[in-house]
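Novice: Sharing a structure here in structure tokens format.
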Amino acid sequence: MIRAATVADIPAIHRLIVELAIYEKEPDAVKATHADLERALFGERPVAECVLAEADGQAVGLALFFTNFSTWTGKPGLYLEDLFVMPSARGQGLGKALLVHLAGIAIERGYGRFEWSVLDWNTPAIGFYTALGAKPMDEWTVMRVDGDALAALAES
């Protein structure tokens with residue numbers, strides 16, 4: 001079952017994000033607190049949304065996403081920040097069900113595209129995504145400024 005997350009799901013969302021960080025070999029990278037997630041997903045001005053995949057009444061997968069915008073198409077897009085299904089729940093179609101659900105949201109809202117990033121070493125995920133019709137955007141490089149570099153840029 002795929003459903004929209006509620007504020008009561010914050011502990012499960014946080015747990016799944018931590019599990020994703022462990023899977024991505026960054027077990028200490030999660031700094032987000034329950035309060036951070038509540039504010040971002042359910043606060044006065046939410047900046048992201050989350051849907052959960054459940055099996056036997058337990059959240060075993062998540063898709064956390066937000067809206068971006070294409071100046072070329074003049075339309076918003078759906079950007080998938082995180083997709084994760086617990087290893088014990090894989091092989092049941094939950095990852096595909098989450099992506100299908102998000103594609104439906106994008107179509108329903110009139111968005112022009114649905115995109116995400118995947119680690120280049122995650123060949124099982126890359127194969128899974130391409131089998132669903134996703135295309136790698138090899139000519140693009142993700143750029144990021146954070147931490148001290150972000151503060152320095154803002155002050156320059």
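The values are calculated or read from the model by the stated rules, or taken from the named source; none is laboratory data. Not measured: the values here are computed from a predicted model. Neighbour counts run over all protein chains shown; Cβ positions are idealised from the backbone, glycine included. Calculation scope for accessible area: heavy atoms of the full protein, side chains included, ligands and nucleic acids excluded. Shrake-Rupley method; radii C 1.70, N 1.55, O 1.52, S 1.80 Å.
Novice: Looking at the range 70-87 only, could you name the residues that are assigned to a strand (DSSP E or B) and either under 19 Å from Leu41 (Cα atoms) or open to solvent by 40 Å² or more (accessible area, probe 1.4 Å) (or both)?
Specialist: Lys75, Pro76, Gly77, Leu78, Tyr79, Leu80, Glu81, Asp82, Leu83, Phe84
Novice: Being within 24 Å of Asn122 (Cβ to Cβ), within 16 Å of the chain's Cα centre (by Cα) and either at pLDDT 95 or above or crowded, with 19+ Cβ neighbours inside 10 Å (or both): is that true of Val47 here?
Specialist: So Val47 does not fit the description; no.
Novice: Where the second residue is assigned to a strand (DSSP E or B) and at pLDDT 95 or above and the first is of a type in the set (Lys, Arg) and lies in the range 1-28, which pairs have Cβ atoms under 9 Å and are six or more apart or on separate chains?
Specialist: So the pair list comes out as Arg3/Val51; Arg3/Leu52; Arg3/Ala53; Arg3/Glu54; Arg15/Ala59.
Novice: For the range 88-101, enumerate the residues that are open to solvent by 50 Å² or more (accessible area, probe 1.4 Å), part of a helix (DSSP H, G or I) and free of Cβ contacts under 8 Å to residues at least 40 places away in the same chain.
Specialist: Within the range 88-101, Ser88, Lys96, Val100 qualify.
Novice: Count, please, the residues in the range 110-130 that happen to be closer than 29 Å to Lys31 by Cα, hydroxyl-bearing (Ser, Thr, Tyr) and either over 16 Å from the mean Cα position of the chain (by Cα) or not in a loop (DSSP other than H, G, I, E, B) (or both).
Specialist: Of the residues in the range 110-130, 2 are closer than 29 Å to Lys31 by Cα, hydroxyl-bearing (Ser, Thr, Tyr) and either over 16 Å from the mean Cα position of the chain (by Cα) or not in a loop (DSSP other than H, G, I, E, B) (or both).
Novice: Filter the range 108-123 for residues that are out of contact with any strand residue (DSSP E or B) (no Cβ under 8 Å at 6 or more places or on another chain) and open to solvent by 90 Å² or more (accessible area, probe 1.4 Å); which is nearest to Thr67 (Cα to Cα)?
Specialist: Checked the range 108-123; the qualifying residue nearest to Thr67 (Cα to Cα) is Glu108.
Novice: Would a scan of the range 131-151 turn up a residue that is modelled with pLDDT of 95 or more, open to solvent by less than 50 Å² (accessible area, probe 1.4 Å) and part of a helix (DSSP H, G or I)?
Specialist: yes
Novice: Further question on the same structure: For the range 23-35, which positions are part of a helix (DSSP H, G or I) and either touching a Gly at 6+ places or on another chain (Cβ under 7 Å) or surrounded by 14 or more Cβ atoms within 10 Å (Cβ to Cβ) (or both)?
Specialist: Of everything in the range 23-35, just one residue is part of a helix (DSSP H, G or I) and either touching a Gly at 6+ places or on another chain (Cβ under 7 Å) or surrounded by 14 or more Cβ atoms within 10 Å (Cβ to Cβ) (or both), namely Tyr23.
Novice: Would a scan of the range 51-67 turn up a residue that is among the hydrophobic types (A, V, I, L, M, F, W, C) and part of a helix (DSSP H, G or I)?
Specialist: no
Novice: In the range 140-148, is there at least one residue being in contact (Cβ under 8 Å) with a residue 12 or more places away in the chain and touching a Phe, Trp or Tyr at 6+ places or on another chain (Cβ under 9 Å)?
Specialist: Scanning the range 140-148 turns up no residue that is in contact (Cβ under 8 Å) with a residue 12 or more places away in the chain and touching a Phe, Trp or Tyr at 6+ places or on another chain (Cβ under 9 Å).
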